[in-house]
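Working notes, beginning with the structure itself.
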Amino acid sequence: MDPFDLRLWSDFIQSGGSTSQAAIIDQVTIDSRRIHSKNALFVALQGKAADGHHFIPHAIQSGVRFVVAKKTWKPQEPLGTTTVLRVESPLAALQQIAAAYRQQIPCRILAIAGSYGKTMVKDLLHTMLENKYSLTSSPESFNSQIGVPLSLLTLRKEHEIALIEAGISERDEMQTLSQMIGAHYGIITHIGKKHLTTLGDLPTIAREMLQIFKSPPQKQWALLPQDAHILPHLNHIAGDCHFWTTPSERLPHAHFTSREHGETMSYRVDFPDGQHYSGQITSGFYYFLDLINITSKAAWLLGISSKAISESLRTYTIEPTRTEIWKSPLGTTFINDTYCSDPQSVDTALKHLQAHPYSRRIFLFGGIRNQHSHIANDYRRIGKAIHAANIHSLILFGSHDFLPLTEEIQRLSSCHPLNNGILLETAVQDGKVMQKLPSSTAVSRIMQIASFPSYSDALQALKSQVGANDAILIKGEHKYPIDHITETFHDSICSNQCIINLSAIAQNLQILRHKAPPGTRCMVMVKAFAYGTDDIRIAKFLETCAIDILGVSYVDEGVALKRAAISQAIFVINAAIYEVAKVVKWGLEIGVNDSALIKALAAEAARENKKVKVHLHVDTGMSRFGCRPEEALLLAKQIIAHPSLQLEGIMTHFACADDPLQDAFTLSQANRFDLVIKELEKHGIHPPWRHAANSSATLRFQFPQYNMMRIGLAAYGLYSSQTAKDSQELRLALSLISRVVGINVCKKGESISYGRSYIVEKDTQSFAVLPIGYFDGLHRNYSGKGVVIIRGQKAPMVGKICMDFMMIDVTDIPNAAPGDSVLIFGEDEYGHYLSPEDLATRGDSIIHELITCLGPRIQRIFVYEEAHRQIGNNF
């Protein structure tokens, strides 16, 4: 930001500021670790996981000039020369300061709102505009009530245009953002179902999004989807309205020219001046045209020529704004992050490494995409962040001038020679040979810096150096495909992949919490390897979703999580009496239902001078675990009689909450459970947590008398019945993808696979072989009963599924070839969808079995991204 006088903030005096002298700041930060100026303002925000007020002393020690804090905050240490500005709401103060700062910057602002695709639109539009204008953009996906003011504070007087994202999740939020931004132009990317839980319905979402157009100055134009929910509000939008979804003689328009789906698809952009641009794409098929239509139309409206737009598209490669996490067979974790366009994006990326106890943390950094006059300051700031993140090895690649970054790390290391014993070993290489990285026993003593001319050189140099439990974060001016990493460290791209979308899991949990009564605690089940995904990876992610308790079936599952330093409480459904020592040693919460186990737990806990939390399990009809209802009171009294035990909860388990034909039985189970709870309460026994509802019960019923739910399938957007699916739309988080490894052409009368169960019917038929079989979880009972999608077309499964392979009929897909990606369930690159529940049903199985049986040869790749669309919609 440019230097700014805080006296221009209307509440400066009221909050304790003085007008006697200028109050100049040149940095506003909400992270006390990211202070790089003596004229900084630190804003103490209340977050979900931490309160910024706890870090005010650190900010003061770092030399900030001003601190914004709540009126109720009381300093525990001297303030020195720092001035504390006391307000009712630090967030509101941050927004007011950003709005005041924005008023001093004369540039034109284009606001980008919508349910999906904002960041990709912003980034491509930035590329189209950057050769004509001095411009800036929101860092990464900074579009929230916090992100927008931080974005506005990056503006400088030299900027002519700013591209600012604006995202909402609650009513009236857009009005606040609109007042801050004061946009001259506006884009709505798409109206989708992302925030139905908080905004109610699509008309409300549209109405809230359109608030971006309501604040001055008057809009010159608006670019919108021709959406039925937007059309009623057009008369209230200032300026000209244009639609990016439909052709117009006044604006460019893109359309596909390829007739068939393939690995490459051709498209053309027609311009109003009669010019055309033809291109090809290899990914992002289902949202690419929307992206091109939005950006080319906006660029044209801002005076960019057809020649300049075409040149931008000629060099453009889709770089999805998603983070990918892959654990190699060796055990090394790779975090393939989004491209870097600003220091804030590096701050965010480094948090991925700091959150996990890896043996070594290695950062591959290829520089910042947007080069400008302040780039040296940006690299110095990144150097501070790298030093603070305790990176063991920094590997730089590419042609950028990293000297300010390395000098800053050297300076900080030499200033603090005894801080964790950090020393700096600089090894600037020519890319031929890289010195051996520090061993895990020495990582706390050395940060090594190496440099390579290219990304490929850096990966190759690392290939022989990394080991199990190392983590490598990759970030640079481009987003590199995950396939580059797997080819280098797995010697090929992965044949079979299970893609797990973490942002979909977070969204589903938000939906489920919204359905439950306020204050309901959410336990997420991570048993059975977290439903076939990865229990440790999922558990660590769930902590960021404010999930404070996890559920497993076996004691050893809980112990494995504890060994991996999982911080949440771990609840185990059942334990054998011979496992009590492990329960006590690892501090597990446990379900109990008999006197002998209670006595054994109490004795072991007393011996170890510990207190064990137990949940009394009552059997109301499942007949698997649990005491009979008439035994519950006696057992509860036994538990509370032992000082080494704590009655933490009471629970039961519904046997058929997914089946509407059995609803009477489910409600009778709840009634029996309620009677037990009332009986305990009558005797003064009040377990803090009462839980019965699994995923289906949470989706289908309302049980306000219980204050905890146990979520399994629904976290992944999966359903155990059609009725459960009809109750609430969730977002599928799992996709299973394989590849073609061979194609056979067979003649009429020939047979396919074991047992000759399939006989070729036509004169000739083509069959593709996929390297996935019943060892990988696709059991023989799926043989010949399902379909897959290849190149956008359905292909039936044929013949018996083998241990390692299966066959599909690709006769009607003549361009199918070895290496082609094949969707087995989930969603593919073209936006086509195959239901995993439907596949399970076809194979006389259930969805639980299908996903938990996915074998170890299937590579799990975790991604975090905002969906470009909902099933059935564009973008």
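What follows is calculated from the coordinates using simple rules that are stated; it is not laboratory data. Everything numeric in this text was worked out from a predicted model, so none of it was measured. Glycine also receives a Cβ, built like all others from the backbone with ideal geometry; neighbour counts cover every protein chain displayed.
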CD proxy, 222 nm, the chain: helix-only mean residue ellipticity via -39,500 (n - 2.57) per DSSP H run with n ≥ 4, per residue, nearest 500, stands at -8500 deg cm²/dmol
Filtered hits (aspartates and glutamates, Cα-Cα < 17 Å from Lys122, offset >= 8 within chain) -> Glu130, Glu140, Glu160, Glu165, Asp290, Glu319, Asp342, Glu477, Glu865, Glu866
Here the FRET efficiency for Asp483 versus Arg86, based on Cβ atoms and R0 = 51 Å and rounded to 0.05, is 0.45
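Considering only DSSP beta bridges whose two residues both sit in the chain, what percent are antiparallel, to the nearest 5?
35 percent
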Pseudo-spin-label distance Asp812 to Lys132, built 7 Å along Cα→Cβ, given in nm, is 4.7 nm
Straight-line reach check, Lys118, cutoff 16 Å on alpha carbons, 8 or more apart in-chain or any other chain, hits among lysines -> Lys193, Lys194, Lys297
With the 8 Å Cα cutoff and a minimum separation of six or more residues, region 804-857 has a relative contact order in percent of 17 percent
One finds the C-alpha centres of region 749-765 and region 617-636 to be spaced, in Å, by 56 Å
Surrounding charge for Asn815, neighbours by C-beta under 14 angstrom, Lys/Arg +1, Asp/Glu -1, total -2
Note: Glu630 to Ala576 extended length (0.36 nm per residue) minus current alpha-carbon separation gives 17.2 nm
Note on region 250-301: the mean projected area of its alpha-carbon convex hull, in nm², is 3.5 nm²
So for R0 = 51 Å, FRET eff. of Arg780-Ala388 from the Cβ-Cβ r, to 0.05, ends up at 0.40
Rounded to the nearest 5, the percent of DSSP beta bridges in region 1-97 running antiparallel is 20 percent
For region 724-854, averaging the sequence separation of alpha carbon pairs under 8 Å that lie six or more residues apart and dividing by its residue count, the contact order in percent is 27 percent
Under the 7 Å Cα-to-Cβ spin-label approximation, Ala641 and Ala655 lie apart by a distance in nanometres of 3.1 nm
Sequence order, region 460-476: Karplus ³J(HN,Hα) from phi using 6.51 cos²θ - 1.76 cosθ + 1.60, θ = phi - 60°, Hz rounded, Gly and Pro as x, gives 5, 5, 6, 3, 8, 9, 7, x, 4, 6, 7, 10, 10, 9, 10, 7, x
Sparse-neighbourhood loop hits (trypsin sites (Lys or Arg not before Pro), region 253-321; DSSP loop; Cβ within 10 Å at most 10 others) -> Arg259
Note on the chain: contact order normalised by length, alpha-carbon pairs under 8 Å, 6 or more apart, percent, works out to 9 percent
